[in-house]
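Notes follow once the structure below has been shown.
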Amino acid sequence: MKAWGKMTIHDSNVREKLLQLGSQKRYNFTAEYARCGYKVTYRRGLDRDKLASTIMFKNVKINNNLVTDHLWFNYTKGFAELGKLIVGDVISFNARVASYEKLGHKIDYKLERPTKVKLVSHKNGKDALPIPNTTKGKNELLG
């Protein structure tokens, strides 16, 4: 375990391969669509919290090498423009590595600001419901 000020890094929770890439430049990644969800966004000064759509990918790779088993992203316009996705569909995107503080003051790593989002291969299975195309409104996914 390494300590940085009041925050700690627990080796079992760190996405080591993302840490090794560093945050100085953007990289091209591929990943498999896993599912959608939502998160509660907290904003100071507002009476109510809001829900924001999220999307999860598994088997995130760079140059065909696994960098993490899964990552969550905000459900951005780039992802929405892909249309209906099925579990297992492979996409590619460019992103930059960034650190963030998890609960309990643990540091973990994520990818942020995905651009050049493209569908690489479409799985023709029927094992999951497709997600709706939300290009008309970000909260359509939330119902």
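Please treat every number below as a calculation from the coordinates, not as lab data. From a predicted model like this one, the values you see are computed outputs, not experimental measurements. Cβ atoms come from the backbone with ideal geometry, glycine included; neighbour counts cover every protein chain shown.
Summary of computed values
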{"read-out": "Inter-label distance, nm, simple model (7 Å from Cα along the C-beta direction), SER23/SER92", "value": "2.7"}
{"read-out": "Loop-located GluC sites (Glu not before Pro) in segment 57-123 whose Cβ has at most 13 other Cβ within 10 Å (DSSP)", "value": "GLU81"}
{"read-out": "Members of LYS17/LYS106; LYS39/LYS84; LYS50/LYS106 lying beyond 23 Å, as alpha-carbon distances in this model show", "value": "LYS50/LYS106"}
{"read-out": "Kirkwood-based Rg to Rh ratio, segment 27-105, C-alpha trace", "value": "1.02"}
{"read-out": "Fully extended contour minus Cα-Cα distance, from GLU16 to ASP69, at 0.36 nm per residue", "value": "17.9 nm"}
{"read-out": "Stretch gain in nm, segment GLU101-TYR38, where the contour uses 0.36 nm per residue and the Cα spacing is subtracted", "value": "20.8 nm"}
{"read-out": "Spacing of the two label points (7 Å from each Cα toward its C-beta) at THR76 and LYS58, in nm", "value": "2.4"}
